[in-house]
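Down below is the structure, laid out as C-alpha cells.
The values are calculated or read from the model by the stated rules, or taken from the named source; none is laboratory data. These numbers were taken from a predicted model, which means no experiment stands behind them. With ideal geometry, Cβ positions are generated from the backbone for all residues, glycine too; neighbour counts draw on all protein chains shown. To get the accessible areas, we keep the full protein, side chains included, count just its heavy atoms, and leave off ligands, DNA and RNA. Shrake-Rupley method; radii C 1.70, N 1.55, O 1.52, S 1.80 Å.
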Amino acid sequence: MSELVWPYLPSLSVGAILGFCAGFAVKRIGRMTVLLVGLLFLALQILAWQGLLTVNWGRVQALAEPWVQRGGREFGAWVLGIVQTNLPFGGGFVAAFLVGLRAR
C-alpha cells in the first residue's frame, strides 16, 4: 500500500499546507470585508435617514449583479482547473482549504 501512496505524498502535503493557508486567509479577509461592507451600508443608511443622501438601490443591484455572477463562475472554473490539473495536489488543497476555513 505504501508504494501506491509514496509517489503522491509530496503533492498531497504541499497541497494540504497551501490549502490550509489559503482557507485561513480567505476566512480572515472575508470577515474584514463583511465588516467593512456592513459599516458602509450602515453609513449610507444613516446618511439617507438624515436626508443627506438618496440611494437608488435598484440601480446598485443592477450594476452589482453581473459582477457577482461573473465572479462566481470564474471562481468555480478556477477551483475546477486546480482539481483537474493535478489531482493529488488539488485533492489535498481542497480538503485542507475547507479545514482552514473552519480553523479558529
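Yes or no: Phe75 of a type outside the set (Gly, Ala, Ser) and touching a helix residue (DSSP H, G or I) at 6+ places or on another chain (Cβ under 6 Å)? Can you show your working first?
Details: of a type outside the set (Gly, Ala, Ser): yes; touching a helix residue (DSSP H, G or I) at 6+ places or on another chain (Cβ under 6 Å): no.
For Phe75, the condition - of a type outside the set (Gly, Ala, Ser) and touching a helix residue (DSSP H, G or I) at 6+ places or on another chain (Cβ under 6 Å) - is not met.
When region 26-52 is examined, which residues are found to be without any contact (Cβ under 8 Å) to a residue 60 or more places away in the chain and within 30 Å of Phe93 (Cα to Cα)? Full working, then the answer.
Filtering region 26-52 down to residues without any contact (Cβ under 8 Å) to a residue 60 or more places away in the chain leaves 28-52.
Correct list: Arg28, Ile29, Gly30, Arg31, Met32, Thr33, Val34, Leu35, Leu36, Val37.
Within the bounds of region 74-92, is there any residue that is surrounded by 13 or more Cβ atoms within 10 Å (Cβ to Cβ) and farther than 30 Å from Gly19 by Cα? Write out each step before concluding.
Step one: filter region 74-92 for residues surrounded by 13 or more Cβ atoms within 10 Å (Cβ to Cβ), giving 79, 82-83, 86-92.
With the extra rule that they be farther than 30 Å from Gly19 by Cα, the set shrinks to none.
Taking every residue of region 74-92 in turn, none turns out to be surrounded by 13 or more Cβ atoms within 10 Å (Cβ to Cβ) and farther than 30 Å from Gly19 by Cα.
Please work out if Phe41 is touching a helix residue (DSSP H, G or I) at 6+ places or on another chain (Cβ under 6 Å) and modelled with pLDDT of 85 or more.
The answer is no for Phe41.
Rundown of residues vs (1) among the polar types (S, T, N, Q); (2) at pLDDT 85 or above; (3) under 15 Å from Phe97 (Cα atoms); (4) open to solvent by 90 Å² or more (accessible area, probe 1.4 Å), yes/no style:
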residue: Val5; (1), (2), (3), (4): no, no, no, no
residue: Ala16; (1), (2), (3), (4): no, no, yes, no
residue: Cys21; (1), (2), (3), (4): no, yes, yes, no
residue: Val55; (1), (2), (3), (4): no, no, no, no
residue: Ala62; (1), (2), (3), (4): no, yes, no, no
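Looking at region 75-104 only, could you name the residues that are more than 15 Å from the chain's Cα centre (by Cα) and part of a helix (DSSP H, G or I)?
The answer is Gly81, Val83, Gln84, Thr85, Leu87, Pro88, Phe89, Gly90, Gly91, Gly92.
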